[in-house]
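Input: a single structure, listed below in structure tokens.
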Amino acid sequence: VPYQISSALVFKLLSHRPMFRCAVMMFQEEFALRLTARPGEALYCRLSVNTQLLAKVDQLMKVGRNNFRPPPKVESRVVRLELRNPPPPVDFTEWDGMVRLLFNRKNKTLRAVLMTKPTIRLLEENRRTQRALRGDSMDEEVEEKNAEQIIEEVVNMEQWKDKRASKLDLDDFLALLAEFNKRGIHFA
């Protein structure tokens, strides 16, 4: 699969309904390794997290460049994608909103990423939108904490203090999203 469409193609497949049993595909080696990268590895990224949330990914074989005529400049790998059935009980739009935000600067602490003024503004606006959709009165906000205070509380909790997106696994991301949602912070 050409590199420039690999990511879009994988996400199209992962969201395809009805669900397929399994897809076997060949990608450029670096892209294939990103699909299975683990927390702490250099190639671990948003693509890794999102793909592993929705599917089980296995590296099947390496395909050398000399197997092609003319030989390309890169090595290839064959991978198998098996969708998780049932899919995880998470709103993917909100999940991806959080993961995208955290992986913009994956080696910074969660606090450093989330406590920027633009992020706080975005999350406060999302919070107001969610309240309006639920029909909550805006007057009740007077006694509530604002988004900045809630973010500060969450990122200072023991399990999140000094953590970085590049080191969190799927369960950590799911727990972090649940904690924010429980406190009224939404990423979509």
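The values are calculated or read from the model by the stated rules, or taken from the named source; none is laboratory data. Because the structure is predicted, anything quoted here is derived from the model rather than measured. Cβ placement follows ideal geometry from the backbone for every residue including glycine, while neighbour counts extend to all protein chains displayed. To get the accessible areas, we keep the full protein, side chains included, count just its heavy atoms, and leave off ligands, DNA and RNA. Shrake-Rupley method; radii C 1.70, N 1.55, O 1.52, S 1.80 Å.
Would region 151-172 turn up any residue that is open to solvent by 80 Å² or more (accessible area, probe 1.4 Å), more than 21 Å from the chain's Cα centre (by Cα) and not basic (Lys, Arg)? Yes, because at least one residue in region 151-172 is open to solvent by 80 Å² or more (accessible area, probe 1.4 Å), more than 21 Å from the chain's Cα centre (by Cα) and not basic (Lys, Arg). Of the residues making up region 118-137, those that are closer than 11 Å to His186 by Cα and small (Gly, Ala, Ser) number 0. When restricted to residues that are surrounded by 13 or more Cβ atoms within 10 Å (Cβ to Cβ) and either hydrophobic (A, V, I, L, M, F, W, C) or under 18 Å from Asp58 (Cβ atoms) (or both), region 1-18 contains 7.
Within region 27-57, the set of residues being open to solvent by 60 Å² or more (accessible area, probe 1.4 Å) and within 11 Å of Leu81 (Cα to Cα) comprises Lys56 only.
When you look at Met19, is it farther than 30 Å from Glu152 by Cβ, hydrophobic (A, V, I, L, M, F, W, C) and modelled with pLDDT under 95, yes or no? Taking the combined requirement at face value, the residue satisfies it.
Is it the case that region 176-188 has a residue that's under 19 Å from the mean Cα position of the chain (by Cα), crowded, with 16+ Cβ neighbours inside 10 Å and polar (S, T, N, Q)? Scanning region 176-188 turns up at least one residue that is under 19 Å from the mean Cα position of the chain (by Cα), crowded, with 16+ Cβ neighbours inside 10 Å and polar (S, T, N, Q).
One residue is enough: does region 94-113 have a residue meeting the conditions modelled with pLDDT of 95 or more, open to solvent by less than 90 Å² (accessible area, probe 1.4 Å) and either touching an Asp or Glu at 6+ places or on another chain (Cβ under 7 Å) or hydroxyl-bearing (Ser, Thr, Tyr) (or both)? Yes, region 94-113 has at least one match. Of all residue pairs spaced 6 or more apart or on separate chains, those with beta-carbon atoms under 8 Å, a first member in region 7-22 that is closer than 20 Å to Val49 by Cβ and of a type outside the set (A, V, I, L, M) and a second member that is open to solvent by 50 Å² or more (accessible area, probe 1.4 Å) and in a helix (DSSP H, G or I) are Ser15/Phe92. Just one of the numbered conditions (1) open to solvent by 40 Å² or more (accessible area, probe 1.4 Å); (2) in contact with a Pro (Cβ under 9 Å, 6 or more places away or on another chain) is not true of Gly64: (1). Of the residues Pro86, Pro118, the single one that is closer than 28 Å to Ala147 by Cβ and either acidic (Asp, Glu) or open to solvent by 40 Å² or more (accessible area, probe 1.4 Å) (or both) is Pro118.
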